[in-house]
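To start, the structure itself, in structure tokens.
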Amino acid sequence: MNLLLSTHTHCLPITQKPNHAYHRHPPFNNLPHVRTMTVENYANLCVAHQVFDDIPIWDTFAWNNLIQTHLTNGDLGHVISTYRQMLFRGVRPDKHTLPRIICATRQYGDLQVGKQLHAQAFKLGFSSNLYVLTSLIELYGILDSADTAKWLHDKSTCRNSVSWTVLAKLYLREDKPSLALDLFYQMVELADDIDAVALATAIGACGALKMLHHGRNIHHLARVHGLEFNILVSNSLLKMYIDCDSIKDARGFFDQMPSKDIISWTELIHMYVKKGGINEAFKLFRQMNMDGELKPDPRTISSILPACGRMAAHKHGKEIHGYVVKNAFDENLIVQNALVDMYVKSGCIQSASKTFSMMKEKDMVSWSIMTLGYSLHGQGKLGVSLFREMEKNFKMRRDEITYTAVLHACTTANMVDEGDSYFSCITKPTVAHIALKVALLARAGRLDEARTFVEKKKLDKHPEILRALLDGCRNHRQQKLGKRIIEQLCDLEPLNAENYILLSNWYACNEKWDMVEKLRETIRDMGLRPKKAYSWIEFCNKIHVFGTGDVSHPRSQNIYWNLQCLMKEMEEDGSKPNPDFSLHDVDEERECVPIGHSELLAISFGLISTEAGRTIRITKNLRMVAALVKTFVNFIDGRCYSLETTALIWV
């Protein structure tokens, strides 16, 4: 757009924004004589342009309304052409005209025209007007920089809380929350009026900086000004406490809020889901429904659904799915993607596939979730096949997450050639992509090739890549190489307890119990806390949790007796575990053989509590599974039961 603006211009050339479309509709019948209200009511903007000559020169208000109508409808070309006609007819712009034109120029993205408008505002005597100043600050901040906008703000003699707040928001936009907070404190010192928007902006800066002390100070300031329970300020304070990881403060303030909107409820539900407070998240969701004043919207639904995938609680997910259908949210793409993701993570891959296939619209997130879902459930070939379908029928731009999903599927299915082909399509591979390529080669038994790739690219300083190589060593029983990799991990991450557990398990696998004890002392002396193994299962709407050697369950006697019987059958059948050195609780391997594994206890409970033919879903907090458990699962699976296990590390 090349526009030379002047108060005396008679011919103003204009270039429309590329691909800008003008929508023409049939004219209204019986058009009355043009008045201000007539222009406001016109749905047909092109017809309104036919009556320029009927607008009196003195009626700037009518011109401003016509410009505002175009601006509201996003017709930036019409905004400028109307302004051109206004100047052409000698109509003098006022303090309400220029902010609208400056706003259109900002949305268009033309800084040069913005500067011309700035000059015209100065020439017309409006440069010190607050409306004009604020629109210019926003224009320079977005099209140039926040520092340029601040220069203009500092030079001006007329400033109020709005101009200060706009400038603070510009710094937040540039990810400079500390500068935004400094501006707020400057505004407070100058005794400018503090409004709800200014407080919300400053509170947002505190949340971004995770500065709880400053957040509490501004909370006190909001209370002093009587704005603490303004819904905008309240929601900002709630989010700030959440961002600062102060769950107690967040919940306490939420309970004090006299009025809450859908954002308030959704923020707190999302916090509990994110922090692992699953039961509390469900309580809030039910309470919100029971109160009756507000109903969950798509964002609320997509916030609670991950809770159904983090635990053996797929029934809750199905209930929420029913709510979604009943309230016609099933056409919302974000909700649909969240449903598919929930079913994938809760072990219901068939339900995930059915929900995915029923989606009328799919985006790249949809395809990535389903591709990865098939892979996580051991159906890598289906994942790759789905990805190929997307490539063939849908011309979507693939991102790094999509390639992560298909590489994972190739790794699961041992499709090395296909994985290499997809890896070569990635312009800038991330560590995650490289780790998947290494895992692809290592799991396929091409350990030498994987090692060469890591050494050639000098990638042996990335723990994630070394762990991928370690998986291959474990699967193909390359114990010497595996030990060297574990020792490398200990050197790279000396404070990661999991690395010492891996080394301890390696020694336990080779029955070097003196070294196991030595490593245990090392872990204790360093103050490290390894993860203990836990497994859980849902039965009769209740979550049953089992730890290593757990005897606290009311049905422990039956659980252990059933497990002993199955172990005896397994031995008689000749099934023996292959020793490995995976990441599991070494206490389970050493102290609880042949029974006592948390996962075996959960499986045994599931077997004695459910009918034959039912799927038993076990969730555990460690990704790797000990060799004994793998052998047991293979022995049980297919004998009138279907076993599904989910590791929380994938969630």
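Every number here is computed from the coordinates shown, using simple stated rules; none is lab data. For clarity, every value in this text was computed on a predicted model and none was experimentally measured. Here Cβ is always computed from backbone atoms with ideal geometry, including for glycine, and neighbour counts include all displayed protein chains.
Give, as a single signed number, the net charge of other residues whose beta carbon lies under 13 Å from the beta carbon of Asp245, with Lys and Arg counted +1 and Asp and Glu -1.
Working: positive: Lys210, Lys239, Lys248, Arg251, Lys274, Lys275; negative: Asp243, Asp249.
Combined, the nearby Lys, Arg, Asp and Glu give +4.
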Taking 76-84, 254-262 and ranking on average Cβ neighbours within 10 Å, highest first, one gets 76-84, 254-262
The stretch 169-204 scanned against label point 7 Å out from Lys155 along Cα→C-beta; backbone N under 20 Å for 170-171
Summed over the other residues with a beta carbon less than 14 angstrom from that of Val454, with K and R at +1 and D and E at -1, the charge totals +3
Packing-ranked peptide list from 454-465, 314-325, 231-242, 380-391, highest mean Cβ count within 10 angstrom first, is 231-242, 380-391, 314-325, 454-465
For Phe605, Phe539, ascending order of other Cβ atoms within 10 Å (fewest first) is Phe539, Phe605
Neighbour-count ranking for Arg251, Arg520 (other C-beta within 10 angstrom, fewest to most) reads Arg520, Arg251
P(r) of the stretch 262-323 over all Cα-Cα pairs, 5 Å bins starting at 0, rounded to whole percent, reads 4, 20, 35, 28, 12, 2, 0
Rounded to a whole number, the Stokes-Einstein D of the stretch 468-568 in µm²/s (Kirkwood radius over Cα pairs; 4 °C; 1.567 mPa s) is 80
Residues other than Ile262 with Cβ under 11 Å of its Cβ, Lys/Arg counted +1 and Asp/Glu -1, net out at -1
Once phi for every residue in the stretch 325-333 is put through the Karplus expression 6.51 cos²θ - 1.76 cosθ + 1.60 (θ = phi - 60°), the whole-Hz ³J(HN,Hα) values, with Gly and Pro written as x, are 5, 4, 9, 6, 8, 6, 9, 7, 5
Among Lys283/Lys354; Lys115/Lys169; Lys239/Lys360; Lys326/Lys362, the pairs whose Cα-Cα distance exceeds 25 Å are Lys283/Lys354; Lys239/Lys360
With +1 at each Lys and Arg Cβ and -1 at each Asp and Glu Cβ, the charge dipole magnitude of the stretch 431-570 around its Cα centre, to the nearest 20 debye, comes out at 300
Ordering 60-72, 403-415 by per-residue average of other C-beta atoms within 10 angstrom, highest first, gives 403-415, 60-72
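Counting other beta carbons within 10 Å of each residue's own, what order do Arg477, Arg467 fall into, fewest first?
Ascending Cβ contact count within 10 Å gives the list Arg477, Arg467.
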